[in-house]
Amino acid sequence: MRAWLAQRCAAQPPSVQKLAAELRISERSLTRRLARAGLHFRALLDDVRSERARALLDAGELSMTEVAQQLEFADATAFGRAFRRWHGVSPTDYRIALADGRAQLEHAED
């Protein structure tokens, strides 16, 4: 399911309805199966979006607005709130820490 969500997050916003249709089961059956496994669609989607957000920020090629758009957030502010909830820091602070870590690694290699 995570793989399906990750694949769909890159192309379009996934939904429980789309996943159920692809699995050829009812939405209610999918929800029950997830619940039996201790999972919720929204939590799985958040996990996948969180991982994708970090990957996009790690790559450093997109602005915060572009990352937000890639992840189907309404705007960069909504993305920033979600990222802070997921990782405990803002996306900007995450990028700064990432850059500092790379700089320290480069100095250690010299």
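The values are calculated or read from the model by the stated rules, or taken from the named source; none is laboratory data. Source: prediction; values computed, not measured. Cβ placement follows ideal geometry from the backbone for every residue including glycine, while neighbour counts extend to all protein chains displayed.
Among the residues of the stretch 21-44, those that are modelled with pLDDT of 85 or more, surrounded by 13 or more Cβ atoms within 10 Å (Cβ to Cβ) and not hydroxyl-bearing (Ser, Thr, Tyr) comprise 21, 25, 27, 30, 33, 34, 39, 40, 41, 44. Looking across the stretch 45-66, the residues that are over 11 Å from the mean Cα position of the chain (by Cα) and surrounded by fewer than 17 Cβ atoms within 10 Å (Cβ to Cβ) come down to 58, 59, 60, 61, 62, 63, 65, 66. Residue 100 falls short on exactly one of the conditions (1) over 18 Å from the mean Cα position of the chain (by Cα); (2) surrounded by 12 or more Cβ atoms within 10 Å (Cβ to Cβ); (3) farther than 18 Å from residue 3 by Cβ; (4) not small (Gly, Ala, Ser), and that condition is (2). From the residues in the stretch 60-77 that are within 13 Å of residue 49 (Cα to Cα) and assigned to a helix (DSSP H, G or I), which one is modelled with the lowest pLDDT? Among residues in the stretch 60-77 that are within 13 Å of residue 49 (Cα to Cα) and assigned to a helix (DSSP H, G or I), the one modelled with the lowest pLDDT is 70.
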